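Down below is the structure, laid out as structure tokens.
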There are 2 protein chains.
Amino acid sequence: MPARACTPTPGIPTLLAADWGTPNVRFFFYDAAGKVIAREHASLGIRNLGVMTYEQVLQSTLQAHGAPPDLPIVLSGMVGARGGWIEAPYVACPATAEQVSRGVITAPVERLRAQIVPGLSTGSDRNGLPGVMRGEETQIIGVSSRYGDGVYVLPGTHSKWVDVCDGEIRTFTSHMTGEMFELLKEHSIIGDLMEGADHDQEAFSRGVSRALAGAPLMPLVFSARTECLSGRLGRQQIASYLSGVLIGSEIYAEMPNLRGDPIVLIGSRELLERYQAAFAQAGVNELFLVAGEEAAATGLWILATSSGLVT
Amino acid sequence: MPARACTPTPGIPTLLAADWGTPNVRFFFYDAAGKVIAREHASLGIRNLGVMTYEQVLQSTLQAHGAPPDLPIVLSGMVGARGGWIEAPYVACPATAEQVSRGVITAPVERLRAQIVPGLSTGSDRNGLPGVMRGEETQIIGVSSRYGDGVYVLPGTHSKWVDVCDGEIRTFTSHMTGEMFELLKEHSIIGDLMEGADHDQEAFSRGVSRALAGAPLMPLVFSARTECLSGRLGRQQIASYLSGVLIGSEIYAEMPNLRGDPIVLIGSRELLERYQAAFAQAGVNELFLVAGEEAAATGLWILATSSGLVT
């Protein structure tokens, strides 16, 4: 079992929650007021469980924090996917937090009081494409209770751009930005030239501005190679340039949909910084930035209370 | 050494030429009138030579066809790249066939009369991006002598869109279409769902029309997954849908640059068919289609005569 960064629980917990993704899981213990009193990260995502069962991971987490075995538990993310613990069927957009909480299902285990949050589906986004999310809906529910209507941007492997309007998650679009970066880095003719991955702000910014000028994506990606061959980009700059090209293209594609709505960025510190810089190049300087972990913690508490798991 | 599909040479050869790429090489023998009298394919591209040297491959090709060891030889493609046999420095665009032929260099071998065609570079295409090509310039020279000015489209791993104007190759843009298809098929979450690779015209056409409607590329690519998860695309259709999305996006990005110019498509039969179908969906039905192999054979002859290798 991978190492666990465990901190002792200082109060009496009323809820254990987890944002349970593919490579990793984040646990949160809350007090009766909904304040997070302990948290734990583990590399025990649904693809990394090894011989552990979901039940064993949860039981050992409860024990490690001195929590009772019947503590209410709520889980979001890929744990509720087909191929996770048990499938929690998607709730269709438009959906309110209330509708998501009504889609919560009970985990298939008798000795624990565990519930799983459903993902969201959209039949047709602005481009006419279907979409699904798992985990992001919980982060948005956590953050939109504070920021209200707007465009919620969750950068990552499959970045989400989500319209929240009249308290509903209306629709959303996915951009394969993070996965594309990894694909190109690991397996392409572009990655073959890359050296190092330190962030180079100038190269990143050059990639963003090229993308914001409207150049199509496949020539832009290929230019990471030709800029290097022509001596205008160092090998150590390729990763940052490519990151700028991909993030800039994502923002460029979504700019027509923004129309002055508040923009809320939810993600890791590193991605928030990169997207903030790219948005600034696009002339968008008013952004609300929220750490993805806090968004998940708040959303899980809201769903646990509205589903009646915690009263 | 891989099997060679060899046909006897029926006349007296005056030139051996090769389109020498990364995985494969195509040899052509010509009579004094420039007619191809024998041809040979071998999986002896610059990355597949094994213990063979370039000189050995050429000598054995001459011998196998009963050609004299001092027969003039002209080579195009990656053989002239850094990492090939010897680097034939790029000729800068705009460039005429005459200028390309002046950039031909002599191969580093005493016992053969071999010359290598340079590639072309552009400092800035329509998107302000630099570009390079090797091998395509020879195909274009072969074909433009017949079709004249226009837009030359060479689909493939790194598809080229080339402006030929006043007999010059003016500039060109590269789209990473073929490599992107392979990356997504082999290494992505999209490829994980794919089953089989038989062409499905309906799925291909659906991908093309989505792209021609202007949807951005990263959501479109991701939709190969969500269309499948939502039951609107079978696993056996994903490869064709993705191919349509990528080819359609390439054509959509280049449409503003066409403006009624003649369009000449140069490539393999399979790619010509797919691009022709996608162009038809875009309302472009007047295309000249040329087999890539014939384009290379003609271009190599033209360059061998204009460089004085054959008189």
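A short reminder: the numbers here are calculations on the coordinates, not readings from a lab. Model, not experiment: these values are computed from the prediction. Note that we place each Cβ from the backbone using ideal geometry, even for glycine, and neighbour counts take in every protein chain shown.
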Beyond 13 Å, how much of the Cα-Cα pair distribution for the range A:83-126 remains, as a whole percent? 57
Using 7 Å Cα-to-Cβ label points, what is the A:ALA92/B:GLU195 separation (nm, one decimal)? 2.6
Once phi is turned into θ = phi - 60°, what whole-Hz ³J(HN,Hα) does the Karplus curve with 6.51, -1.76 and 1.60 give for every residue of the range B:286-296, x standing for Gly and Pro? 9, 9, 9, 10, 10, 5, x, 5, 5, 4, 5
What gaps in nm, shortest first, separate B:ILE12 from its twins in the other copies when you place the label 7 Å past Cα toward the beta carbon? 10.7
If you line up the Cα atoms of chain B on their principal axes, what length do they span on each, largest first, in Å? 64, 44, 33
Given an 8 Å cut-off on Cα distances and at least 6 residues of separation, report the relative contact order of chain B as a percent. 16
Degrees between helix A:136-147 axis and first principal axis of chain A (Cα, 0 to 90, nearest 10): 90
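Rounded to the nearest whole Å³, what is the per residue volume of the convex hull around the Cα atoms of the range A:20-152?
Details: hull volume 16.5 nm³, N = 133.
Convex hull volume per residue, Cα atoms: 124 Å³.
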Label-to-label distance, nm, for residues given as B:GLN63 and B:GLU270 (7 Å Cα→Cβ offset): 3.4
Could you please tell me the mean projected area of the C-alpha convex hull for the range A:226-311, averaged over all directions and given in square nanometres to one decimal? 8.0
Treating the Cα atoms of the protein assembly as shown as identical point scatterers in vacuum, please give the log10 of the normalised Debye intensity I(q)/I(0) at q = 0.06, 0.07, 0.12 Å⁻¹, two decimals. -0.40, -0.53, -1.16
So for the pair B:LYS35, A:ARG170, with labels modelled 7 Å out along Cα→Cβ, what separation do we get in nm? 6.9
For the range B:125-281, projected area of the alpha-carbon convex hull averaged over all directions, nm²: 9.3
Which FRET efficiency value, to the nearest 0.05, do you get for B:LEU229 and B:ARG111 by plugging their Cβ-Cβ distance into 1/(1 + (r/R0)^6) with R0 = 60 Å? 0.45
Tally the DSSP beta bridges in the range B:1-154 and give the antiparallel ones as a percent, rounded to 5. 60
Okay, helix-only estimate at 222 nm for chain A: each DSSP H run of n ≥ 4 adds -39500 (n - 2.57), divide by all residues, round to 500 deg cm²/dmol; what do you get? -11500 deg cm²/dmol
Please work out the ratio of the alpha-carbon Rg of the range A:164-241 to 2.2 N^0.38 Å and round it to two decimals. 1.32
The range B:14-96 - Rg over Rh from alpha carbon coordinates, Kirkwood radius: 0.99
Computed over the Cα atoms, what is the radius of gyration of the range A:131-195 divided by 2.2 N^0.38 Å, N being its residue count? 1.43
The exposure ranking of B:ASP166, B:ASP19, fewest beta-carbon neighbours within 10 Å first, is B:ASP166, B:ASP19
